[in-house]
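First the structure, in the form of structure tokens, and then the observations on it.
Every number in this text was worked out from the coordinates using simple rules, so none of it is lab data. Everything numeric in this text was worked out from a predicted model, so none of it was measured. We place every Cβ from the backbone using ideal geometry, glycine too, and count neighbours over all the protein chains shown.
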Ligand SMILES: [Fe+2]
Ligand SMILES: [Fe+2]
């Protein structure tokens with residue numbers, strides 16, 4: 001059974017939103033590099049890569065269910081940011097927006113009694129809990145650092161290590 005037209009359209013939109021998330025985080029990574037904060041940049045690069053994987057999961061699911069995938073233009077992300085705090089406030093807000101979007105998809109699948117889509121989307125619901133938790137943790141740490149440059153360098157180093165561990169685990 002293929003998903004309803006409405007759900008197919010919403011899932012196509014979600015492919016775009018996931019790629020837009022990747023694009024946003026990559027833009028943030030580029031800005032962090034420019035600020036000589038390579039650890040923050042590594043963390044954001046890794047996030048960007050995960051978002052592209054999310055997009056591909058939905059892409060493949062649509063194809064598995066004989067749906068037409070029509071890729072949409074991506075919105076250009078902001079290219080400059082005020083501070084690391086500004087970046088992570090935006091990351092958290094962005095993840096909350098994505099969670100609402102996933103919840104809406106799930107709602108559509110429930111309305112349609114589309115159980116295959118519900119099971120598929122459950123992975124994303126769980127993933128969003130993790131995404132919000134991680135972005136909140138980094139945001140709170142950046143907040144604690146405040147104007148202390150030495151602490152910022154320490155946090156940068158710590159986040160860079162997370163990136164290195166993930167790379168090694170691949
Ligand atoms: Fe995502
Ligand atoms: Fe995300």
Can you give the Rg and Dmax of the chain based on its C-alpha atoms, in angstrom? 17.4, 57
Helix 115-145: inclination vs the chain longest Cα principal axis, degrees, rounded to 10, gives 10 degrees
P(r) of the stretch 80-123 over all Cα-Cα pairs, binned every 10 Å from zero, in whole percent: 27, 33, 20, 16, 4
Where the centroid of each part is defined by its Cα atoms, how far is the stretch 108-126 from the stretch 20-98 in Å? 23 Å
Out of every Cα-Cα pair in the stretch 33-122, what percent are more than 16 Å apart? 68 percent
Subtract the Cα-Cα distance of residue 9 and residue 82 from 0.36 nm times their separation in residues, and report this length gain in nm to one decimal. 22.7 nm
Taking the Cα-to-Cβ direction at residue 110 and at residue 72 and moving 7 Å from each Cα, how far apart do the two end points lie in nm? 2.3 nm
At 222 nm, what value in deg cm²/dmol follows for the chain if DSSP H runs of at least 4 each add -39500 (n - 2.57) and the sum is divided by all its residues, to the nearest 500? -28500 deg cm²/dmol
Calculate the all-directions average of the projected area of the stretch 96-170's alpha-carbon convex hull, and give it in nm². 6.4 nm²
Treating the angle as unsigned and between 0 and 90°, give the value, to the nearest 10°, between the Cα long axis of helix 38-64 and the longest Cα principal axis of the chain. 0 degrees
Just to be sure I understand: if I project the alpha-carbon convex hull of the stretch 129-170 onto a plane and average over all orientations, what area do I get in nm²? 3.2 nm²
Point-to-point label distance, residue 30-residue 134, nm (Cα→Cβ direction, 7 Å offset): 2.2 nm
The chain: angle of helix 149-168 to the longest principal axis, Cα-based, in degrees nearest 10: 40 degrees
